[in-house]
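Each remark here refers to the structure printed beneath this line.
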Amino acid sequence: MTKILIDSASDLETAEAAARGIAFLPIEIRIGGEDYLDGETLSHREFFEKLVETDEMPQTSQVNEYRFGEAFSSLTADGSEVVAITLSSKLSGTYASAVKAAKPYAGKVYVVDSLNACIGERILMEYAVRLAEEGRGAKEIAALLEEKRGKIMLLAVLDTLKYLRKGGRISSVTAFAGEMLSIKPVISVVKGEVKLVGKAIGSKKGNNLLNKLIADCGGVDFSMPYVLGYSGLSDELLQKYIRDSEALWKPYTEQVPYYLIGSTIGTHVGPGAIAVAFFAK
């Protein structure tokens, strides 16, 4: 039997992971002077409630080697193999921790660097779950994930530059000018790192740019997992995007799957972001 392990940068929460039989390791987050486990002791909604109330930048901590070691010991105890999928190694030390912890389990535990985050990491996990349900072994699953991960596109339109500024990702001057002009930045994960890939004035042009970027990379491979995401306390902007982009989704699905983004990425994008993750054709 092959088991799938994922960290909370994938925007899973404990309840969903448990219901689906996916092993789950939450990333630690400190906000407002309190420590929490992302998606376990702090729901994604609770995180955004706290984020808008605090002036502090939340601090996240990688999953350490010890916690991975405990998980690998427990998951392999019944003879199972494990595929562990982590947040991009370019964004966190979580992957390195998992690799160290997996050394005593050679041939039993395979660690895959998603080279992604958020819903981009989630769809790689969804593909892994599909492969495990087909009865594939851990070694084969890990190889297929590493082969396909380069096809994943994660694109997001942000509502504000404030949180990128607070996290030191952009300058105060750039953020101030952007807010004054109502600039909506579009970001992507490129080779494991977050990059600014476009700017638009206003939400409507931001959504149009998102769809143009989807088309530019060949469109969505609907035979593979795909999801949308949003940040904040309301999914209103995402629902508007789904309605405005009906032509993109309607021929392939009645219901577009979407999730609330968690604290690992929510810390940097703030509320009001909408995101799409898919395997490019």
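The table below gives the values:
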item: Test: residue in the range 125-134 that is more than 12 Å from Ile85 (Cβ to Cβ) and of a type in the set (Lys, Arg); result: yes
item: Unique match (being touching a Leu at 6+ places or on another chain (Cβ under 9 Å), surrounded by fewer than 18 Cβ atoms within 10 Å (Cβ to Cβ) and not assigned by TED's automatic domain parsing to the domain that holds Val63) among Pro271, Pro257; result: Pro257
item: Scan of the range 21-56 for residues that are farther than 24 Å from Ala101 by Cα, of a type in the set (A, V, I, L, M, F, W, C) and surrounded by 15 or more Cβ atoms within 10 Å (Cβ to Cβ), ordered by number; result: Ile31, Leu42, Phe47, Phe48, Leu51
item: Hey, Ser61 surrounded by 15 or more Cβ atoms within 10 Å (Cβ to Cβ) and hydroxyl-bearing (Ser, Thr, Tyr) or not; result: no
item: Extreme residue, farthest from Glu126 (Cα to Cα), among residues of the range 181-190 that are free of Cβ contacts under 8 Å to residues at least 40 places away in the same chain and crowded, with 18+ Cβ neighbours inside 10 Å; result: Ile183
item: Leu196 being within 19 Å of the chain's Cα centre (by Cα) and modelled with pLDDT of 85 or more; result: no
item: Residue in the range 225-234 that is free of Cβ contacts under 8 Å to residues at least 40 places away in the same chain, in the same structural domain as Gly270 (by TED's automatic domain parsing), at negative phi and not hydroxyl-bearing (Ser, Thr, Tyr) present; result: no
item: Failed item in (1) touching a residue at least 40 places away in the same chain (Cβ under 8 Å); (2) within 28 Å of Leu51 (Cβ to Cβ); (3) surrounded by fewer than 18 Cβ atoms within 10 Å (Cβ to Cβ); (4) within 17 Å of the chain's Cα centre (by Cα), with Ala280 passing the rest; result: (2)
item: Scan of the range 191-216 for residues that are within 15 Å of Gly120 (Cα to Cα), outside any helix (DSSP H, G or I) and touching a residue at least 24 places away in the same chain (Cβ under 8 Å), ordered by number; result: Lys191, Gly192, Glu193, Val194
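The values are calculated or read from the model by the stated rules, or taken from the named source; none is laboratory data. Remember, predicted model here, so these are calculated numbers, not experimental data. A quick note on method: Cβ atoms are made from the backbone with ideal geometry, for glycine too, and the neighbour counts reach across all protein chains shown.
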